[in-house]
Structures are given as structure tokens and as C-alpha cells.
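Read the structure below first, then the notes.
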Amino acid sequence: MSAEATHEPRRIGVFGGAFDPPHNAHVALVRAALAQFDLDALHIIPTGHAWHKARALSAPEHRLAMTRLAFANVPGVVVDDRELQRMGPTFTIDTLKTLQAENPECQLYLFIGADQFAAFRQWHKWQEILEIAIICIADRAESMLAQTQFDAYAPHNHRFFTLKLPLMSVSATQVRRLMASGVATAEAVAKWVPEPVARYISLHQLYGPG
Ligand code: ATP
């Protein structure tokens, strides 16, 4: 039943990332999020200048184009470039506030991987994030969730949920390394990224051996 029919607040998901490049685990996470949380829409938000990423990211236009390609066939997704339009460092709290202002009746759901959750207390204004959004966490092979991580947020631990998602050990770092190795076969790349993204990477010679 839709939120409109029940007069429940609209449920809007938010999933941010460098998407350098977007990969198959991102797509699986988004499909699971839409289904499990009955979302009305899910905003996928490539980060601008992410304060916590030490490495220089690929050009915003490439990351945005790849994100559009990766999620083109997923109904309910809105690829949202607001952080790329913003000058200076991007903070999730600012993005959530703009979304809330645009959709005052909605409930926001923020989706993150377990590696991000492990560092959540270092996020800018994390307490405010908890007030605005429900946090949904996907297990990640390299950083599995532990119950004690949730206990640490008592009495706010009711604001956290886990997303059921088969563990996928793919990361954007692995994809970049694979491409830089110069021995990436089409089959190997297809295991990691959606086919249109693989074609885009090859066309624009992203991540290739220098
Ligand atoms: P990098 O390897 O460059 O750090 P990444 O693979 O972590 O990149 P991001 O674009 O930084 O990709 O991730 C966006 C979001 O997706 C983060 O919340 C991250 O935790 C989550 N995520 C990425 N890969 C996975 C995965 N394999 N399983 C679960 N969550 C993931």
C-alpha cells in the first residue's frame, strides 16, 4: 500500500557516495533499500568534495554520468547532483536539511555501508543527522556489523536499522586497481560494474594504467 493511501509520510531514501565508479554492490544495495523500506523515492547523491576522502576523486561530470548509467534501469531512483553543485566541503547534514525543506512531510532514510557506520560519530553534526533521518546500514564484507556498535548509540539506537543484503566484497578501490593493472578483461570488469559503466570507463579511459 502506498504512503499516500495510508497518509503515512512519504519515505525518501538517501544514498551518497563518491561513485568513483558506481559498482554492482551499490546497485544491489539500492534495489534492496527500495524493496525493504518501501521507499517512494531514493535519491542517489554523488559527493562533491567529500571531507573524509583523502584521495582526489575523478571529475564530477564523469562520476555523475556513470551514476546515471548505473541506476538508469532502477525504478524509483532519482540521481541528484545537489552536492556536486555546492562549493566547498560537502556534509551529509546539509544535504538532509535541504531534502527535508523540500519535502516537509517526508521521513528520510539514510543508507550507508558498515564501513561508514563504523566512523559515524566522526560525521559532522551526527546527532542532528539522527534527528532528521533513520539510518539504514548494509553489512560489508570488510567491516561486519556488531551489536555493540548499535548499543553505543543508546538511547537513540531505535534510529538504526540493518539492510538485508548478501555480502558483496566489491569496492570502487578494487575496480580502479583492476583497471589500472591493464589486464582487466571485459568479463572481469562485468563482475564488478554494470555494463554501461564499464563501457563509459573504457571510452573515457578512466583509471587506466598511466
Ligand atoms: P572506495 O573503495 O573508493 O572507498 P566504495 O566502494 O566504498 O569506494 P563509495 O562510493 O565510497 O564506494 O560508497 C558509497 C556507499 O556505498 C558507502 O556508504 C559505502 O559504505 C557503501 N558500499 C560500497 N561498497 C559496498 C559493499 N560492497 N557492500 C555494502 N556497502 C557498500
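The values are calculated or read from the model by the stated rules, or taken from the named source; none is laboratory data. Quick caveat: nothing in here was measured; it's all calculated off a predicted structure. Heads up, the Cβs are rebuilt from the backbone with ideal geometry, glycines too, and the neighbour counts pull from every protein chain shown. SASA here: full protein model, heavy atoms, side chains in, ligands and nucleic acids out. Shrake-Rupley method; radii C 1.70, N 1.55, O 1.52, S 1.80 Å.
Checking Phe71, Phe120, Phe37 one by one, the residue that is more than 27 Å from Pro194 (Cα to Cα) and of a type in the set (Phe, Trp, Tyr) is Phe120 and no other.
Of the residues contained in the range 200-208, one or more are found to be open to solvent by less than 30 Å² (accessible area, probe 1.4 Å), modelled with pLDDT under 95 and in contact with a Ser or Thr (Cβ under 9 Å, 6 or more places away or on another chain). Can Asp115 be described as under 13 Å from the mean Cα position of the chain (by Cα) and surrounded by 17 or more Cβ atoms within 10 Å (Cβ to Cβ)? No: the conditions fail for Asp115.
Residues satisfying the criterion are absent from the range 28-45 (criterion: farther than 20 Å from Leu108 by Cβ, open to solvent by 30 Å² or more (accessible area, probe 1.4 Å), in a helix (DSSP H, G or I) and more than 10 Å from the ligand (Cβ to nearest atom)). In the range 80-139, of all residues being assigned to a strand (DSSP E or B) and more than 11 Å from the ligand (Cβ to nearest atom), the one that is modelled with the lowest pLDDT corresponds to Pro89.
Within the range 55-72, residues that are open to solvent by less than 30 Å² (accessible area, probe 1.4 Å) reach partners that are among the polar types (S, T, N, Q) and within 15 Å of the ligand (Cβ to nearest atom) with beta carbons closer than 9 Å, at six or more positions or on different chains, in the pairs Arg63/Thr47; Met66/Ser58; Ala70/Asn24. If I filter the range 170-198 down to residues being open to solvent by 60 Å² or more (accessible area, probe 1.4 Å) and of a type in the set (Lys, Arg), which single residue comes out as nearest to the ligand (Cβ to nearest atom)? Top of the filtered list is Arg177. Among the residues of the range 157-169, none qualifies, meaning not one is farther than 21 Å from Ala28 by Cβ, outside any helix (DSSP H, G or I), open to solvent by 40 Å² or more (accessible area, probe 1.4 Å) and more than 13 Å from the ligand (Cβ to nearest atom). Among the residues of the range 76-109, the one identified as under 15 Å from Glu128 (Cα atoms) and among the small types (Gly, Ala, Ser) is Ala101.
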